[in-house]
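Where a number appears in this text, it was derived from the coordinates with a stated rule and is not lab data. Source: prediction; values computed, not measured. Reconstructed Cβ throughout: ideal geometry from the backbone, glycine too, with neighbour counts over all protein chains shown.
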Amino acid sequence: MPTARESLLEAAGAALSARPWPAVRMVDVAASAGVSRQTLYNEFAGKTGLGHALVRRDAAWYLDGVERALTSPGGRAERLVAVAEWTVRASQARPLVRALLTGCWNGNLPVPAGRGVRPGLPALGPGELVRSVRERASAAFAPGEDRARERGRAQEQGEWAQRCELAVRLAMSYLLAPAEAPGRPGPAELLRLFNAPNPKAEDR
C-alpha cells in the first residue's frame with residue numbers, strides 16, 4: 001500500500017499531466033490522494049515543496065530506467081543504444097524529464113530546488129543527470145573480480161562510461177532538434193552507426 005507521500009506525488013503528477021502547474025490546486029491534489037490538505041502540508045510544507053519533490057521523483061524515475069537499460073541483456077553497445085532509446089521515450093512520456101534533460105523550463109512546470117528561487121544554489125538539471133548516468137555506466141561496466149584483468153580493463157571501463165555519456169548527450173540533442181521527416185535516423189540509429197561494426201566477442 002502506498003504511503004501518503006507516494007499517493008500525493010502520484011496525484012500531483014496526474015494533475016500536472018492534465019493542467020499547467022499554476023492551475024494545480026493543493027486541495028485537489030489532497031482530495032485525489034485521499035488525504036487531508038494538512039497531511040499534504042505536513043509532507044511538503046507547501047506547493048513549492050511538492051513541486052520540488054515531483055521533479056526529484058521524475059529524475060529518479062529516469063535514472064532507474066537508465067540503470068535497467070545498462071543491466072539489460074546484450075553487449076555493451078546494445079545497452080548504450082537502450083540508454084539512448086530510454087532517454088527519448090522517458091522525455092516524451094514526462095514533461096519534467098524532458099525539462100530536466102534539456103534545461104528548457106516554462107511556467108507550466110514546477111521547477112527544481114535552487115532554480116529561480118535562490119540564485120547561486122545548484123539546481124537539478126542536464127549536467128547533474130549526465131553525471132549520474134556516467135556514474136551508473138561506470139559501475140555497470142566495471143571490471144570483474146579477476147585482479148589480473150582488472151588493471152587492464154580499468155581504462156576500457158572509463159571509455160565505456162564516456163560512450164554512455166555520449167549516448168545520453170546525443171539523445172538530449174535529438175530532443176532539442178528531432179528528425180523532421182520519417183525515415184531520418186534517430187539517436188539509436190546514429191549510435192549503431194557510431195559503434196564499431198565488429199564488436200569484440202566479449203561485448204556480444
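Quick notes on this one:
- Debye-sum result for the range 1-142 in log10 I(q)/I(0), which assumes one identical scatterer on each alpha carbon, at q = 0.17, 0.20, 0.22 Å⁻¹: -0.95, -1.16, -1.28
- Residue exposure proxy: Asp64, Asp58, Asp28, ordered by other Cβ atoms within 10 angstrom of their Cβ from fewest to most, comes out as Asp64, Asp28, Asp58.
- By the beta-carbon count within 10 Å of each Cβ, the least crowded to most crowded order of Met1, Met172, fewest first, is Met1, Met172.
- Couplings 3J(HN,Hα) of the range 83-88, computed from phi: 5, 4, 5, 5, 4, 5 Hz, in residue order, whole Hz [Karplus 6.51 cos²θ - 1.76 cosθ + 1.60, θ = phi - 60°; x for Gly and Pro].
- Estimated FRET transfer efficiency (Thr48, Arg131; beta-carbon r; R0 22 Å; 0.05): 0.30
- Segment Arg56-Glu156, extension gain: residue separation times 0.36 nm, minus the distance between their alpha carbons: 32.8 nm
- Summarising the label geometry, the points placed 7 Å from Cα in the beta-carbon direction at Asn106 and Ala31 lie 2.8 nm from one another.
- Least to most buried among Ser72, Ser91 (fewest other Cβ within 10 Å first): Ser72, Ser91
- What the Cα convex hull of the range 1-45 gives, in volume per residue, is 61 Å³.
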